[in-house]
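Inspection log for the structure reproduced underneath, given as structure tokens.
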Amino acid sequence: MSGLVINHNLMAMNAARSLSQTYGQLATSVQRLSSGLRVNSAADDAAGLAVREIMRTDIRVLNQGVRNANDAMSMIQTADGALSVIDEKLTRMKELAEQAATGTYTTAQRLIMDSEYQAMASEITRIARATDFNGVKLLDGSLSGTGLDGTSGNQMKIHFGTGNASAEDYYYVKINEATASALGVGNSSAVDAGYTISTQSAAAEAMTALDDAIATKDNIRANLGALANRLASTVSNLSIQAENLQSAESRISDVDVATEMTEFTRNQILTQAAVSMLAQANTLPQLALRLLGG
């Protein structure tokens, strides 16, 4: 039990210490409530801050991966749209070959048919060479590499994961060439059967070549469709990962407003009480003056 002294005011010092402590806790509550974050600095939760920053990085990378996969889907849709137009040209070419294969037309008339046939073939080549996505050619053979892992040829690498593992973070897109020459039709083709329809026999042979060309084109479109479905699944999976990571990051980082408001109210009351007691403690040394006759 301390006596009445004038050199020290221990009660005021104790009240001031309590005030400083509770005021600091009140300031922390205000910061958390105003920012919405439980962890505003490393001092709040050093381990939690480290985990949170890693999670935030992964969330942003996953969201970019979703955009990458969506861009790849847009690219595939662009290629598929061009192939649908090529499909129309091949259908017209087979229609012309069917017409020229019958014996009711003259040689001169077949030459006219062949003129349109070659024009359709040229248009197929033009479309294949002109179709691009963000400057990347899609159907001219630029992406028709032979290696499944992208090591042979120039397949397109679609990266969407947070790391760089080939088994889980990226894969390659291969799109075969769809020019008239690659499809084996028109006078730029090395395949004799689809070269021309200027004669009845050549037109009959072109029918088979066009069947092969349509099958080749359908195979390209089927591969693109499979890739589109795979990318859609990838986008769905990445979105779920990002959502779950965001939820986990929130539990670490975000403040529970109800709980923190309770702490704020408690600290506010303690601060007010400490201020009041400090004011009272500061008046106590005046009692000593009365004993001294002051």
*In terms of Cα to Cα distance under 21 Å, which lysines are near enough to Lys157, apart from those fewer than 8 places away along the same chain?*
Lys137, Lys174
*asked:* Give the aspartates and glutamates whose C-alpha is closer than 20 Å to that of Lys217, dropping any in the same chain fewer than 8 places away, or say none.
replied: Asp80, Asp87, Glu88, Glu95, Glu98, Glu123, Asp132, Asp140, Glu177, Asp192, Glu205
*Work through the residues other than Asp44 whose Cβ is under 11 Å from its Cβ and net out their charges, Lys, Arg +1 and Asp, Glu -1.*
+2
*Could you check the simple spin-label distance between Asp256 and Ala43, using points 7 Å along Cα→Cβ, in nm with one decimal?*
2.4
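Given the -39500 (n - 2.57) contribution per DSSP H run of 4+ residues, what per-residue ellipticity at 222 nm results for the chain, rounded to the nearest 500 deg cm²/dmol? Mind showing how you got there, number by number?
Details: 7 runs with 196 residues, N = 294.
Value at 222 nm, helices only, nearest 500: -24000 deg cm²/dmol.
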_Neighbourhood net charge (11 Å Cβ-Cβ; Lys/Arg +1, Asp/Glu -1) for Val191_ = -3
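FYI, it's all coordinate maths here, none of it is from the lab. This is a predicted model, so every value here is computed, not measured. Neighbour counts run over all protein chains shown; Cβ positions are idealised from the backbone, glycine included.
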